[in-house]
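These notes concern the structure reproduced below.
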Amino acid sequence: MRQSFWICMAAAAVLGGVVAAGPADAAPRCRNTGSFDVWMAAFKKEALSKGMSQRTISAALDGITFDPAIIRRDSGQAVFQQSFLQFAGRMTAAGRYQNGLKQLKAHASLLNRIEQATGVPPAVVVALWGLESDYGAYKGGKYNIIRSVATLAYDCRRPEFFREQLMGVLRIVQRGDLRPDQMIGNWAGELGPTQFTPADYFKHGLDFDGDGRVDMINSLPDALASAANLMKSFGWQKGQPWLQEVRVPLQMPWQESGLDVQHPRSQWVKWGVAAVKGTLPADNLPASLILPMGRLGPAFLAYPNFKSYTEWNAAIVYATTAAYFGTRLAGAPVVSPGNGQPAVPTTEQVMELQRLLIARRLLDGEADGRLGAMTRAATKQAQLKVGLPADAYPTEELIERLRRVR
């Protein structure tokens, strides 16, 4: 999906809470200038130049007006700090897990055909379906997708991303997949039970029920196969693992953790990393050590297929939760708490840490209170500088040491 964090998390917010993530330089609120009607007229001309028919443009865009409520919704989202254990515990709770097992059984034939076509296992597909829409129970709201996307494309905050989505809307209509009046869903423009953006819908949607069009809203085969096809487009390798929970020793080179570092499994075994269930082969399969709550919390080895999850959603806690839920549905045990009970930093603590990191030129942007990839990377650098275990997880001790460093 390659969406911004807030867009990706719209469904998750409805299903059970949002976890803060995203870069420290997330786009601040800007001021819109100019007329929406003038902007829309220019966009229609651009669409015509890109091969959209006048009939398609008129059917989809005539009468579309600016919706200030969408701008307020986009700008007014609060930052909620949830740890991986809190978020994963809510999003993969017993009810959703048991329902996932039922869905695997009920749609076994369809899911097996999808795996044959894309290489993506049934458990992976069902887990994404469950997290994105609670297996279709969450309909995405009753927003006019075209009006929402047009409003966000006109807005000054992320215009390029949403112009691509609005063009995707036109392409969906022109191809005959959906009528404009059928495009009802999430306020941020996502469609169907697997919550696709219009651009991804057009590029990666599959007609898997054979009716001649891609209908992710009403056709479950189309929705699930398209989700698998999107994961495949992100580089999913058939027959390969994606995530494995592990136990880590109390002492190891913590700076080697993180998605930006890979080592063969044999190296992780040498450092004392062990599988929670089964064995960890000492082979050459590359893997990264993920510590979503630092060295005292849960630990996972992320294999090359995990990249498909971070492409689906860049928020590391969401991506890890989705991957973990897939392993659960495939037979893995409930995640363990790790080696201790790491404190969950508050939004205020993250903001103070960010200000300290910015002052020491370890982080660019503004202090927004979101514990995203950039803040975690800067946290690791700061831990190395002050002599703390470099697991990229904020602690009060790190903040206190940075306060004393001039």
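Rg over Rh of segment 264-331, using C-alpha atoms and the Kirkwood radius, what does it come to?
On the way: Rg = 12.2 Å, Rh = 12.8 Å.
Here Rg/Rh amounts to 0.96.
Quick one: Cα centre-to-centre distance for segment 285-321 and segment 91-153, in angstrom?
The distance from the Cα centre of segment 285-321 to that of segment 91-153 comes to 20 Å.
Give me log10 I(q)/I(0) at q = 0.16, 0.17, 0.18 Å⁻¹ for segment 47-119, Debye formula, one equal scatterer per alpha-carbon, no solvent.
Those come out to -0.88, -0.85, -0.84, one per q.
Residue by residue through segment 325-336, what is 3J(HN,Hα) from phi via Karplus (6.51 cos²θ - 1.76 cosθ + 1.60, θ = phi - 60°)? Round to whole Hz and write x for glycine and proline.
4, x, 5, 4, 5, 8, x, 6, x, 4, 4, 8
Can you work out ³J(HN,Hα) from phi for every residue in segment 213-227, in order, using Karplus 6.51 cos²θ - 1.76 cosθ + 1.60 and θ = phi - 60°, giving whole Hz and x for Gly and Pro?
Taking θ as phi minus 60°, the curve returns 8, 8, 10, 6, 7, 10, 10, 4, x, 5, 5, 6, 5, 5, 4 Hz for segment 213-227.
GNM, the chain, Cα, under 10 Å: largest mean-square fluctuation among G119, G192, G340?
G340
Specify which residue in the list F325, L384, L357 is farthest towards the positive end of the charge dipole of the chain, using unit charges on the beta carbon of Lys, Arg (+1) and Asp, Glu (-1), about the Cα centre.
Selected residue: L384.
Per-residue counts of other Cβ atoms within 10 Å, averaged by peptide: what ranking do you get for 176-188, 307-319, highest first?
Details: 176-188: 18.9, 307-319: 23.1.
Highest mean packing first, the order is 307-319, 176-188.
Rounded to the nearest 500, what is the 222 nm mean residue ellipticity of the chain from helices alone, with -39500 (n - 2.57) per DSSP H run of 4+ residues and division by all residues?
Computed ellipticity for the chain at 222 nm equals -14500 deg cm²/dmol.
Of all the accessible heavy-atom surface of segment 189-271, with the other protein chains kept in place and a 1.4 Å probe, what percent is carbon and sulfur? Write down the numbers at each step before the final one.
Numbers: 1650 of 3370 Å².
Carbon plus sulfur share of accessible area: 49 percent.
Rounded if a/c is under 1.5, else prolate if a/b is larger than b/c, else oblate: which is segment 319-406, with a ≥ b ≥ c the root eigenvalues of its Cα gyration tensor? Spell out each step's value before the answer.
Numbers: a/c = 2.60, a/b = 2.00, b/c = 1.30.
The shape class here is prolate.
Whole number please: convex hull volume per residue, Cα atoms of segment 249-387, in Å³.
Details: hull volume 16.8 nm³, N = 139.
Hull volume over Cα atoms, normalised by residue count, gives 121 Å³.
For a 24 Å ceiling on Cα separation, which of these pairs sit above it: K105/K238; K102/K307; K45/K203; K44/K203; K270/K380?
On the way: K105/K238 21 Å; K102/K307 27 Å; K45/K203 22 Å; K44/K203 21 Å; K270/K380 22 Å.
K102/K307, as the Cα separations exceed 24 Å there.
Taking only protein heavy atoms into account and a 1.4 Å probe, give the accessible area per residue of segment 191-304 in Å². Display every interim value, and only then the final one.
Values: 4460 Å² over 114 residues.
Heavy-atom accessible area per residue stands at 39 Å².
Around L250, with a cut-off of 13 angstrom between Cβ atoms, what is the net charge of the other residues, counting Lys and Arg +1 and Asp and Glu -1?
Numbers: positive: R247, R295; negative: D391.
Value of the local net charge: +1.
What part of the accessible area of segment 285-406, given as a whole %, is carbon or sulfur when the probe is 1.4 angstrom? Display every interim value, and only then the final one.
Details: 2560 of 4690 Å².
Answer for segment 285-406 is 54 percent, counting heavy atoms of protein chains only.
The values are calculated or read from the model by the stated rules, or taken from the named source; none is laboratory data. Note that the structure is predicted; figures quoted are calculated from it, not measured. Note: ideal-geometry Cβ built from the backbone for every residue, glycine included; neighbour counts use all protein chains shown. Keep in mind that these areas ignore ligands, DNA and RNA; they rest on the heavy atoms of the full protein, side chains included. Shrake-Rupley method; radii C 1.70, N 1.55, O 1.52, S 1.80 Å.
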